[in-house]
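Let me begin by presenting the structure, written as structure tokens, before commenting on it.
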Amino acid sequence: MDTMNKAARSGLMSRIRSEGTGPELLVEAAVRRLRLRFETHARDLPGRPDLVLRRRKVAVFVHGCFWHRHEGCAKSRTPKSNVGFWTAKLDANVRRDKRAARRLRADGWRVLTVWECGAGDRAAVERKLRRATCA
Ligand SMILES: [Zn+2]
């Protein structure tokens, strides 16, 4: 029997492909269009931001709506089976995200979050990046 519902499974799949996934590539493309230099998955920084513009001290997280609980987003519903398991797991992710952002900000970084569901909105992503980088 399949115990995982559709959302959980697609969330799981996106975690397996966690490096270089669709939404991430869209944000990378936006950064390139703005001609900004960036690194990916900076392992030396809290939370391993997906994109890092080191000189400008901007860290960008591209979050899957399910795994990181995008508030108010249809893609972020908790699965109806194994509710306890999922609630604990997803809440832990959110706590980890918050902790990473807090630590980065304390070190003088600007932290941007681009949600999976918004990554395809070119204009909005570029606007967000421009605002954070003054590019
Ligand atoms: Zn979302």
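Please list, ordered by first then second residue, the pairs with beta carbon atoms under 8 Å, 6 or more apart or interchain, first in the stretch 115-130 and under 14 Å from Ala29 (Cβ atoms), second open to solvent by 60 Å² or more (accessible area, probe 1.4 Å) and more than 11 Å from the ligand (Cβ to nearest atom).
Here the result reads Ala119/Leu26; Gly120/Leu26; Arg122/Leu26; Val125/Leu26; Glu126/Arg33, each pair linking the stretch 115-130 to a residue that is open to solvent by 60 Å² or more (accessible area, probe 1.4 Å) and more than 11 Å from the ligand (Cβ to nearest atom).
Somewhere in the stretch 38-61, is a residue part of a helix (DSSP H, G or I) and either open to solvent by less than 90 Å² (accessible area, probe 1.4 Å) or more than 15 Å from the ligand (Cβ to nearest atom) (or both)?
Here is the first cut: in the stretch 38-61, the ones part of a helix (DSSP H, G or I) are none.
No, there is no match, as no residue in the stretch 38-61 is part of a helix (DSSP H, G or I) and either open to solvent by less than 90 Å² (accessible area, probe 1.4 Å) or more than 15 Å from the ligand (Cβ to nearest atom) (or both).
So which pairs qualify, if the first residue must be in the stretch 42-55 and among the polar types (S, T, N, Q), the second must be surrounded by 19 or more Cβ atoms within 10 Å (Cβ to Cβ) and outside any loop (DSSP other than H, G, I, E, B), the Cβ gap must be under 9 Å, and the two must be at least 6 apart or on different chains?
none
Pull up the stretch 62-88, narrow it to residues that are among the hydroxyl-bearing types (Ser, Thr, Tyr) and within 16 Å of the ligand (Cβ to nearest atom), then point me to the one that is most open to solvent (accessible area, probe 1.4 Å).
Here the answer is Thr78.
For the stretch 89-105, state whether one or more residues are in a loop (DSSP other than H, G, I, E, B), of a type outside the set (Phe, Trp, Tyr), more than 13 Å from the ligand (Cβ to nearest atom) and at pLDDT 95 or above.
Here is the first cut: in the stretch 89-105, the residues in a loop (DSSP other than H, G, I, E, B) are none.
Scanning the stretch 89-105, I find no residue that is in a loop (DSSP other than H, G, I, E, B), of a type outside the set (Phe, Trp, Tyr), more than 13 Å from the ligand (Cβ to nearest atom) and at pLDDT 95 or above, so the answer is no.
Just to be sure before I move on: is Asp2 farther than 22 Å from Asp121 by Cα, of a type in the set (Asp, Glu) and either assigned to a helix (DSSP H, G or I) or modelled with pLDDT of 95 or more (or both) in the structure I sent?
On the way: farther than 22 Å from Asp121 by Cα: yes; of a type in the set (Asp, Glu): yes; either assigned to a helix (DSSP H, G or I) or modelled with pLDDT of 95 or more (or both): no.
Taking the combined requirement at face value, the residue does not satisfy it.
Can you tell me which residue within the stretch 106-124, out of those that are closer than 13 Å to Val60 by Cβ and more than 16 Å from the ligand (Cβ to nearest atom), is surrounded by the fewest Cβ atoms within 10 Å (Cβ to Cβ)?
Restricting to residues being closer than 13 Å to Val60 by Cβ and more than 16 Å from the ligand (Cβ to nearest atom), the top hit is Arg110.
Condition (residue is within 12 Å of the chain's Cα centre (by Cα), at pLDDT 95 or above and either of a type in the set (Val, Ile, Thr) or within 22 Å of Cys134 (Cα to Cα) (or both)) applied to the stretch 64-75: is it met by at least one residue?
Let us first name the residues in the stretch 64-75 that are within 12 Å of the chain's Cα centre (by Cα), namely 64-70.
Checking the rest, the ones that are also at pLDDT 95 or above come to 64-70.
Checking which are either of a type in the set (Val, Ile, Thr) or within 22 Å of Cys134 (Cα to Cα) (or both) leaves us with none.
The answer is no, given that none of the residues of the stretch 64-75 is within 12 Å of the chain's Cα centre (by Cα), at pLDDT 95 or above and either of a type in the set (Val, Ile, Thr) or within 22 Å of Cys134 (Cα to Cα) (or both).
Keeping to the stretch 71-81, report how many residues are in a helix (DSSP H, G or I) and touching a Phe, Trp or Tyr at 6+ places or on another chain (Cβ under 8 Å). Explain how you work it out, then say what you get.
So in the stretch 71-81, the residues in a helix (DSSP H, G or I) come out as 74-76.
Imposing the further condition that a residue be touching a Phe, Trp or Tyr at 6+ places or on another chain (Cβ under 8 Å) reduces the set to 75-76.
Number of matching residues: 2.
Pick from Gly108, Gly84: which is over 16 Å from the mean Cα position of the chain (by Cα), modelled with pLDDT of 95 or more and not in a helix (DSSP H, G or I)?
Values: Gly84 fails: not in a helix (DSSP H, G or I).
Result of the check over Gly108, Gly84: Gly108.
The values are calculated or read from the model by the stated rules, or taken from the named source; none is laboratory data. Please read all numbers here as calculations on a predicted model, not as lab measurements. Using ideal geometry, Cβ is built from the backbone for each residue, glycine included, and neighbour counts are taken over all protein chains shown. When the accessible area is computed, the model is the full protein with side chains, heavy atoms only, and any ligands, DNA or RNA have been set aside. Shrake-Rupley method; radii C 1.70, N 1.55, O 1.52, S 1.80 Å.
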